[in-house]
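Novice: First, the structure itself, so that you have it in front of you.
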Amino acid sequence: MSERGAKTVTAVILAGGKGTRLSSVVADRAKPLAGVDGRPFVTRLFDQLIHAGVREAVLCTGHLGEGVRAQLGDRYADLGLTYSQEPEPLGTGGAARLGVTKAPAGTAVVMNGDAYCDVDMRELLSEHSESGATATILVTHLEDTARYGRVEVDGDGAVTAFREKQVGAGAGWINAGVYVVTTSRLLELPDGRAVSLEREVFPSWIGDGFRVHQRHAAFLDIGTPE
């Protein structure tokens, strides 16, 4: 994807979770602000987006959201930052839907604010555009998928199923927390109530142009103190 083309993409970063499991180490701030190697974790996502030519991001905040804006402000290097504060917990889908009301019509790259996958976002955006997918999910390969569940894929790169977390599940592809989809499709989600992308929305998209971007890449989820 060209630098010019990437400028039409808006990042929508889900930064509203309570981070209950992290309360022992970051009780005073939203999870994406957790310090990792001397700076807020979410800024590593910002660096990925800037490298891909994305210039605008909406941060979907909830619990301790005021602190997110106070710390990050309205700009990070070349990335403009806008905020969407949910009035009550809306789930990943509800938060993303509310967030895109702050974005221009076009393409959204939705990212979990507490996970990082070491991939080139330019390749993800290009593959999504060239494949004709209605939505694309980034998946990465792990030897043990028990904590995350699995994404099943056919030989053509289409999503065929989502499997629940299961002890002893073994190796496979997991949801890496990055999704590319049109803003208009997100606006079709139910308004005014909690909606889960993972449990409600994604299963309903199977068979309708929902594809994967598969990469063997380093993956970090900061959901636990360890």
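Novice: Which condition number in (1) open to solvent by less than 60 Å² (accessible area, probe 1.4 Å); (2) assigned to a loop (DSSP other than H, G, I, E, B); (3) modelled with pLDDT of 95 or more; (4) not hydrophobic (A, V, I, L, M, F, W, C) is the one that Asp156 fails?
Specialist: For Asp156, the failing item is (1).
Novice: While we're on this one: Can you tell me which of Arg122, Arg193 is open to solvent by 70 Å² or more (accessible area, probe 1.4 Å), touching a Gly at 6+ places or on another chain (Cβ under 9 Å) and within 21 Å of Thr107 (Cβ to Cβ)?
Specialist: From the options Arg122, Arg193, the qualifying one is Arg122.
Novice: Still on this structure: Only one of Leu22, Leu81 is modelled with pLDDT of 95 or more and either charged (D, E, K, R) or within 27 Å of Arg193 (Cβ to Cβ) (or both); which?
Specialist: Leu81
Novice: Then there's this: Applying the selection to the stretch 199-226, what residues are surrounded by fewer than 15 Cβ atoms within 10 Å (Cβ to Cβ) and either touching a helix residue (DSSP H, G or I) at 6+ places or on another chain (Cβ under 8 Å) or among the charged types (D, E, K, R) (or both)?
Specialist: Arg199, Asp208, Thr224, Pro225, Glu226
Novice: Additional query: Looking at (1) at pLDDT below 95; (2) within 16 Å of the chain's Cα centre (by Cα), which is the only condition Gln214 fails?
Specialist: Condition (1) is where Gln214 drops out.
Novice: Any residue at all in the stretch 60-69 that is touching a residue at least 60 places away in the same chain (Cβ under 8 Å) and more than 15 Å from the chain's Cα centre (by Cα)?
Specialist: No, because not a single residue in the stretch 60-69 is touching a residue at least 60 places away in the same chain (Cβ under 8 Å) and more than 15 Å from the chain's Cα centre (by Cα).
Novice: Let me ask you something else. Condition (residue is at positive phi, open to solvent by less than 60 Å² (accessible area, probe 1.4 Å) and either among the aromatic types (Phe, Trp, Tyr) or touching a Ser or Thr at 6+ places or on another chain (Cβ under 6 Å) (or both)) applied to the stretch 31-43: is it met by at least one residue?
Specialist: The answer is no, given that none of the residues of the stretch 31-43 is at positive phi, open to solvent by less than 60 Å² (accessible area, probe 1.4 Å) and either among the aromatic types (Phe, Trp, Tyr) or touching a Ser or Thr at 6+ places or on another chain (Cβ under 6 Å) (or both).
The values are calculated or read from the model by the stated rules, or taken from the named source; none is laboratory data. Note that this is a predicted model, so its numbers are computed, not measured. Using ideal geometry, Cβ is built from the backbone for each residue, glycine included, and neighbour counts are taken over all protein chains shown. Just so you know, the surface numbers come from the protein's heavy atoms only, side chains and all, with ligands and any DNA or RNA stripped out. Shrake-Rupley method; radii C 1.70, N 1.55, O 1.52, S 1.80 Å.
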